[in-house]
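Single-structure report; data block below.
The values are calculated or read from the model by the stated rules, or taken from the named source; none is laboratory data. Model, not experiment: these values are computed from the prediction. Here Cβ is always computed from backbone atoms with ideal geometry, including for glycine, and neighbour counts include all displayed protein chains. Accessible surface areas use protein heavy atoms only, side chains included; no ligands, DNA or RNA. Shrake-Rupley method; radii C 1.70, N 1.55, O 1.52, S 1.80 Å.
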Amino acid sequence: MSVPVVDPDQYSAQLDAKRQRIVYQFARFKAPPLEVFASPTSHYRMRCEFRLWHEGDDLFHAMFETDADGVKQIVRMDQYPVASRRINALMTQLMDAIRDRPELRHRLFQVEYLTTRQGEALITLIYHRQLDAAWEQAARELETTLEAAIIGRARKQRRVLTRESVTEHLDVAGHVFSYQQVENSFTQPNADIAESMLNWARDVTRGEDGLRRPTDLVELYCGNGNFTIALANNFRRVVATEISRTSVASAQHNLELNGIDNVHVARMSSEEFAQALSGEKTGRRVSEMQLETHDFSTVLVDPPRAGLDAESCEQIARFDDIVYISCNPDTLEANLDQLGQTHEIHRFALFDQFPYTDHCECGVLLKRRH
């Protein structure tokens, strides 16, 4: 793994290289022109984690880079232009605040930052020792000094001093949505690109003349309700599924936070949901969804890097419209080989979530062939 080199002068050329790669890779699917969403050229990442390196009296953030011989090398990180401006400011402030405080410094080996575009910040300090009352008192003082929430972690310990989340605000089609983002759970790291993805997904799922559709949406892998909240107004009702208990709780909190009342979040896997749809699975969680009263026209999937297996592709091919958000073009390509038998691509987007890397995030709108 290499530390991204941030060079704004090279950004346009690097983004164009990604565009060409995606256009070439997916040419056989006869997709419409690729829509490209650029990232800010620096300070775009709202969350980061670093090792804390101790050298005598010195203390600094570090990352690891693998050299040509495959050997990990320590890279000192006093600043990190990939990270938000708030994280960069906190990196210096935190080192200054704890360098001479053994209660905070002793056996500290990792620091994680979670910030928002509005400057809210949460810092997780991870230790190779147990946290005691002296640590907690010093950490509370640190919260005041840094104007940031602090969480302490150690083996079988998690100390939340004031709060365990931040709230990000994203503008989608002129409406500002609020998202609770909980420490140590998945969130989109690049807030500007997250906003672009939500606006794109909302646009491609609008009903005729921009009105709400008379049909329903099912969303698999909904996480904290990232897409759910932005798309709810496009549909009569939404059923969203997610296996993580923490994410389900966060999604329900976010729905309430945004005053959205036409969504049901179910804690179950996509496989279980498919069984529920076909009548193979019953029980309380299934009956609460009232699937028999829904008319699902659209499915949204945002799977992990492994993509969808053949059975899952077969399941989502039952829907007229498929919105597929992919963090791995290679598994997306494989899935499109199967989905392309019943559906064709109507919109195709590249979201540059991770500038200065080879990583590409894509969005595809598929419609059933007639």
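Only residues that are open to solvent by 30 Å² or more (accessible area, probe 1.4 Å) and either basic (Lys, Arg) or at pLDDT 95 or above (or both) were counted in segment 197-221, giving 6.
Which members of segment 55-106 meet the condition of being assigned to a helix (DSSP H, G or I), of a type in the set (S, T, N, Q) and open to solvent by 60 Å² or more (accessible area, probe 1.4 Å)? Answer for segment 55-106, where residues must be assigned to a helix (DSSP H, G or I), of a type in the set (S, T, N, Q) and open to solvent by 60 Å² or more (accessible area, probe 1.4 Å): Thr92, Gln93. Of all residues in segment 128-147, none that is under 10 Å from Leu161 (Cβ atoms) and open to solvent by 80 Å² or more (accessible area, probe 1.4 Å) has its Cβ atom under 7 Å from the Cβ atom of a residue that is in a loop (DSSP other than H, G, I, E, B) and modelled with pLDDT under 95, 6 or more apart or on another chain. Go through (1) on the phi > 0 side of the Ramachandran plot; (2) surrounded by 19 or more Cβ atoms within 10 Å (Cβ to Cβ) one by one and return the number of the condition Val239 breaks. The single condition Val239 does not satisfy is (1). Scanning segment 148-173 for residues that are open to solvent by less than 50 Å² (accessible area, probe 1.4 Å), touching a strand residue (DSSP E or B) at 6+ places or on another chain (Cβ under 7 Å) and closer than 21 Å to Glu49 by Cβ yields a total of 11. Considering every residue within segment 273-285, establish whether at least one is β-branched (Val, Ile, Thr) and outside any loop (DSSP other than H, G, I, E, B). There is no residue in segment 273-285 that is β-branched (Val, Ile, Thr) and outside any loop (DSSP other than H, G, I, E, B).
Whether a residue is in contact (Cβ under 8 Å) with a residue 60 or more places away in the chain, open to solvent by less than 10 Å² (accessible area, probe 1.4 Å) and under 17 Å from Leu161 (Cβ atoms) was assessed, and Val111 passes this test. In summary, strands (runs of 3 or more DSSP E) completely within segment 113-178 and bearing 1 or more residues that are under 30 Å from Leu231 (Cβ atoms) and among the acidic types (Asp, Glu) occur at 165-172.
Residue pairs whose Cβ atoms lie under 7 Å apart, separated by 6 or more positions or on different chains, with the first residue in segment 54-74 and more than 15 Å from Val3 (Cα to Cα) and the second open to solvent by less than 60 Å² (accessible area, probe 1.4 Å) and modelled with pLDDT of 90 or more, are Leu59/Leu52; Leu59/Met95; Leu59/Arg105; Phe60/Met95. Per this entry, Asp358 is not counted among residues that are open to solvent by 20 Å² or more (accessible area, probe 1.4 Å), modelled with pLDDT under 95 and closer than 22 Å to Arg202 by Cβ. Restricting segment 115-127 to residues that are free of Cβ contacts under 8 Å to residues at least 60 places away in the same chain and open to solvent by 50 Å² or more (accessible area, probe 1.4 Å), the residue that is nearest to Ser165 (Cα to Cα) is Glu120. Could you list, in sequence order, the residues of segment 286-307 that are under 18 Å from the mean Cα position of the chain (by Cα) and assigned to a loop (DSSP other than H, G, I, E, B)? Asp302, Pro303, Pro304, Arg305, Ala306, Gly307, listed by residue number.
Please enumerate the residues belonging to segment 175-185 that are open to solvent by 70 Å² or more (accessible area, probe 1.4 Å) and under 18 Å from Leu198 (Cβ atoms). If the condition is that a residue be open to solvent by 70 Å² or more (accessible area, probe 1.4 Å) and under 18 Å from Leu198 (Cβ atoms), then His175, Val176 are the ones that fit.
Note on segment 169-211: residues that are in contact with a Lys or Arg (Cβ under 7 Å, 6 or more places away or on another chain) and of a type in the set (D, E, K, R) total 0. Looking only at segment 329-343, which residues are touching a residue at least 40 places away in the same chain (Cβ under 8 Å) and charged (D, E, K, R)? Passing the criteria: only Glu333.
Answer with yes or no whether Asn224 is part of a loop (DSSP other than H, G, I, E, B), surrounded by fewer than 17 Cβ atoms within 10 Å (Cβ to Cβ) and at pLDDT below 95. It is false that Asn224 is part of a loop (DSSP other than H, G, I, E, B), surrounded by fewer than 17 Cβ atoms within 10 Å (Cβ to Cβ) and at pLDDT below 95.
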